[in-house]
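The values are calculated or read from the model by the stated rules, or taken from the named source; none is laboratory data. Please read all numbers here as calculations on a predicted model, not as lab measurements. In this analysis, Cβ positions are derived from the backbone assuming ideal geometry, glycine residues included, and neighbour counts consider all displayed protein chains. Heads up: the accessible areas ignore ligands, DNA and RNA and are worked out on the full protein's heavy atoms, side chains in. Shrake-Rupley method; radii C 1.70, N 1.55, O 1.52, S 1.80 Å.
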Amino acid sequence: MIIPLRTDSPLRTTPYMNWGLIASNIAVFVVTLAQPHLANGYGLSPRQPQLFQFFTYQFLHEGWLHIAGNMLFLYIFGNNVNDRLGHIGYLALYLAGGVFAGISYTVTSSGAAGQMVGASGSISAVTGAFLVLLPRSNVTIVYFWYLIGMTEIASAWLIAGFFALDIFEGLKAGDSVAHMAHIGGTIFGIFICSGLLSLQLLPRDPFDIIAMFKRWNRRRQYRDMVATGYNPFEYTVPERARRGGGSSGPPPPPDARTQRILDLRASIAEALAAHDLDQAARLYLALKAADPQQVLARQQQLDIANHLASQQLYAQAAEAYESFLKQYGKSDQVGQVELMLGLMYARYLNQPARARDYLIRAASKYHAGRE
């Protein structure tokens, strides 16, 4: 048994809509607990479903354990999804996810299946959305499995584990839990939020699931290139020279300036590999003196810029950060680099106009309270 306690994702806003949904579920439960007849006809019947039942069943629960478990999951995962989608968007996701979960249940249920009640289909849509929006988040859980303990687990693994359990249990007959509603709700939440991110109807985040897949694909492409013999630190003969350029014989060697640039880049790579950041920074400044247009590989450029800033060489660090932005303008670290530039221009280089420009640009990319 697993009980989630909290996530490590900070909130930017107060999730009033999620709190309102929790309060509504509890209020309906208390009323129907005192007057059970009021719930008659409002559960979702798979044999003769009524349109209104696809909404009303989401707020009915069978007992204290049923509502306590559902509301706990809604509180843990719903707050962050409410924060990302806004109040109206979150309410639409919750209700529409519950409707889709209800449709999944009615389509796959046998004629002997009873009425379905509970918010778990809607909550599954919320957890599916959480998986897409915050896959790198960690969830603190209490587990009861021979031993009792507390640990952190990646939200992606936790949600994927419950989804796999629903699939496994859904294949078994005679279970009173509406697993197909859970599966339908989760798929709905994943599909809707993935579409919103792809169409840029939601602000992108460096840690959403689409950004994770893009980074994985870049790493895969790089590994494939290296496996075929590509060396990112090796001098590459221009295409025209490789084809002969109208003359016979081997291509001419690089001139003295080009050779010095190649030697400096190779030496910087060696210094960074040896974790000698002081030497790497000195070589980098020599490289820029030889050719101001030179830019290192993305992580190398960022490491050098960070080290220059830590050594209080702010003008050189600013130049290194700006070279990074010019070369890697679509990197996930752009917002952080713009923030660093804004702080350096404001605090150390006395250029408030440039500081303001960078800070405004950085603010448009940051959403978490910490940032």
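Under a cut-off of 19 Å between alpha-carbon atoms, report the lysines in cross-link reach of K326, not counting same-chain residues fewer than 8 places apart.
Filter leaves K288, K365.
Using a 1.4 angstrom probe with every protein chain in place, what is the largest-first accessible-area order of Y358, Y230? Walk me through the numbers on the way to the answer.
Numbers: Y358 20, Y230 100 Å².
So the residues, ranked largest to smallest area, are Y230, Y358.
Using a 1.4 Å probe and ignoring any ligands, DNA or RNA, find the accessible area of R298 and quote it in Å² to the nearest 10.
Number for this one is 90 Å².
For segment 31-85, state which chymotrypsin sites (Phe, Trp or Tyr not before Pro) are in a DSSP loop and have at most 11 other beta carbons lying within 10 Å of their beta carbon.
Filter output for segment 31-85: F52.
For the chain, what relative contact order do you get, as a whole percent, if you take Cα pairs closer than 8 Å and at least 6 residues apart? Working shown, then result.
Working: 468 pairs, mean separation 51.8, N = 371.
Taking the mean separation of contacting Cα pairs over the length of the chain, I get 14 percent.
Taking θ as phi - 60°, what are the ³J(HN,Hα) couplings along segment 159-168 by the Karplus curve (6.51, -1.76, 1.60), each to the nearest whole Hz, with x for Gly and Pro?
5, 4, x, 5, 5, 5, 5, 4, 4, 5
Of (i) 19.9, 59; (ii) 20.8, 66; (iii) 28.2, 96, which one was derived for Rg and Dmax of the Cα atoms in Å from the structure shown?
The calculated read-out lines up with (iii).
Taking a 1.4 Å probe, which of F29, F191 shows the most accessible area, and what order do the others take after it? Intermediate results must be reported in sequence, preceding the final value.
Values: F29 5, F191 150 Å².
Correct descending sequence by accessible area is F191, F29.
Taking a label point 7 Å from the Cα of M150 along the Cα→Cβ vector, which residues of segment 50-93 have an amide N closer than 17 Å to it?
Output list for this probe position: 76.
In nanometres, what is the gap between the two model label sites at Q279 and Q312, each 7 Å from Cα along Cα-to-Cβ?
2.6
Within the accessible area of segment 50-149, what % is carbon and sulfur when the probe is 1.4 Å and the other protein chains stay in place? Can you show the working numbers first?
Details: 2920 of 4150 Å².
Whole-percent figure for carbon plus sulfur exposure: 70.
For K326, K288, K365, give the ranking by accessible area with the largest first, probe 1.4 Å. Display every interim value, and only then the final one.
Values: K326 165, K288 25, K365 80 Å².
Descending order: K326, K365, K288.
Starting from the 7 Å offset along Cα-to-Cβ, what nm value, one decimal, do you get for the label separation of D357 and R136?
Result: 2.8 nm between the two label points.
Where in segment 5-25 does the amide nitrogen come within less than 16 Å of the point 7 Å from the Cα of F207, taken along Cα to Cβ?
Residues 6-13 fall inside that zone.
Per residue, how much accessible area does the chain have with a 1.4 Å probe, in Å²?
On the way: 20900 Å² over 371 residues.
I get 56 Å² per residue for this part.
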